[in-house]
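Only the coordinates and a few stated rules stand behind these numbers; no lab work does. Computed from a prediction, not measured in an experiment: that's the story for all the values here. Counting neighbours? That spans all protein chains shown, and the Cβs are built from the backbone with ideal geometry, glycine included.
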Amino acid sequence: MTGSYATHGPTSDPFEGDRFQILALDGGGAKALFAAHVLAHLEDDLGVRVTDHFDMVAGTSAGGIVALGLGAGLRPKEIAEHFGDLVDRVFPSRLQHRARLSRLRRPAYNSDVLRDVLVEVFGDRTLGDSCVRLVVPSWDLQRGEVHIFKTRHGDRLTRDWRIKMVDVALATTAAPTYFRAARVHDAPLIDGGVWANNPSVLAIGEARSMLGVPLDAMRVLNVGTMEPFTDNVDRLQTAGLLRWGPKAAGVILNASSRGGMGTAMHLVGFENFVRFDAPVPPGKFALDRIRAESVRGYASTVSRNLAPEFTAKFAGHAAPPFTPLPPPTPHSDQRSDQTPEGGSLWNT
């Protein structure tokens, strides 16, 4: 083996239980407000607390902010309120035209404003304070490798529990050309959507390898962020940089989400994977531009269909309370050849 790759994979304890449920939240910038509203409607319609029914929550980019909010003990309705405020302050409409022009040379938006808003939401909470297992992807720009933030749900996970939720949120949302790279423990990290915009497969791999959960025991609820129809297909077939430029990011994100969805379905079984999204016309929403009332409308419609699906497939499982492992000690039995969280092996 070369580089920092581990020579041994994780050795998990035998899984106890008959079911393990995963909530996976796609990335999508400002459009992730949709996921928060969908979950809020679900709680209101059924009188449930979403996190009571999921053993793990995975979120990418802005979906990672929603996941972290659930881990911090916030209800989806509270997250939607905070997220709406975040969009207004981080992506102010008066600056959007100027921001798009500035993206040619530098990040369009101010990461310091995003940090200020996130501090108001999360305060000094760390991943170690999460009330549910969390998996939040990012990308190490310097090393060219995946970087995954995780709660301490395995004895190999020795660092991330100390990292502030604000720093995790900044890392997973640092979309190229929109925000500067976030630095966590001196590593330059960017948006997890560059490789795992749909975190379903990531969460399935985590549950299987780190927790020993059999694939046939998993059920996954995957919530998207209003996927647009692809327009101008004929033009794109023979397009160059000028025509592809404005379209490329959306196509790549949608392809990543769809590919992750298909793989996840094959892993856990089509009957054990549920995805909810709302197809929207091209150009109606953007990563930095939404109309909050329209988002609420799409979320309201979709959540009506989700409620019976949730009742039939997810409501019957009560997730045991998550108790993170105690902080590691200097004398804990850690093999020196194991890669810690955020390392080269995506499932370690």
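For LEU141, the shell of other residues with beta-carbons less than 15 Å away shows a net charge of -1, using +1 for Lys and Arg and -1 for Asp and Glu. Around the amide H of ASP288, modelled in the peptide plane, lie the amide H atoms of ALA30, all under 5 Å away and 5 or more residues distant in sequence or on another chain. Computed from the Cβ-Cβ distance with R0 of 45 Å, the FRET efficiency linking ARG183 to THR323 stands at 0.90. Diagonalising the gyration tensor over the Cα atoms of the stretch 174-230 and scaling each eigenvalue by 5 before taking the square root yields semi-axes of 27, 20, 7 Å, largest first. The phi torsions of the stretch 172-187, fed into the Karplus equation with coefficients 6.51, -1.76 and 1.60 and a -60° offset, translate into couplings of 6, 9, 6, 5, x, 6, 9, 9, 6, 4, 8, 10, 10, 6, 6, 8 Hz, rounded to whole numbers, with Gly and Pro shown as x.
Counting 0.36 nm for each residue step from SER300 to PHE15 and taking away their Cα separation leaves a gain of 98.9 nm.
Once both labels are positioned 7 Å from their Cα atoms along Cα-to-Cβ, the gap between ARG159 and ASP85 label points is 3.2 nm. For every other residue with a beta carbon closer than 12 angstrom to the beta carbon of ASP216, add +1 if it is Lys or Arg and -1 if Asp or Glu, then tell me the sum. It works out to a net charge of +1. Less than 10 Å Cβ to Cβ from ALA40, Lys/Arg counted +1 and Asp/Glu -1: what total charge do the surrounding residues give? My count for the surroundings of ALA40 gives -2. Extension gain for GLN142 to GLN237 (0.36 nm times residue separation, less C-alpha to C-alpha distance): 30.9 nm. Taking amide H atoms as placed 1.01 Å from N in the peptide plane, the amide H of PHE20 lies under 5 Å from those of MET218, ARG219, each 5 or more residues away in sequence or on another chain. Evaluating 6.51 cos²θ - 1.76 cosθ + 1.60 at θ = phi - 60° for every residue in the stretch 203-211, the Karplus couplings come out as 5, 4, x, 5, 5, 6, 7, 8, 10 Hz, glycine and proline recorded as x.
Would you mind getting me the FRET efficiency between ASP52 and VAL251? Use the beta-carbon distance for r and R0 = 56 Å, nearest 0.05. The value I calculate is 0.90.
Taken over the Cα atoms of the stretch 64-181, the convex hull encloses 97 Å³ per residue.
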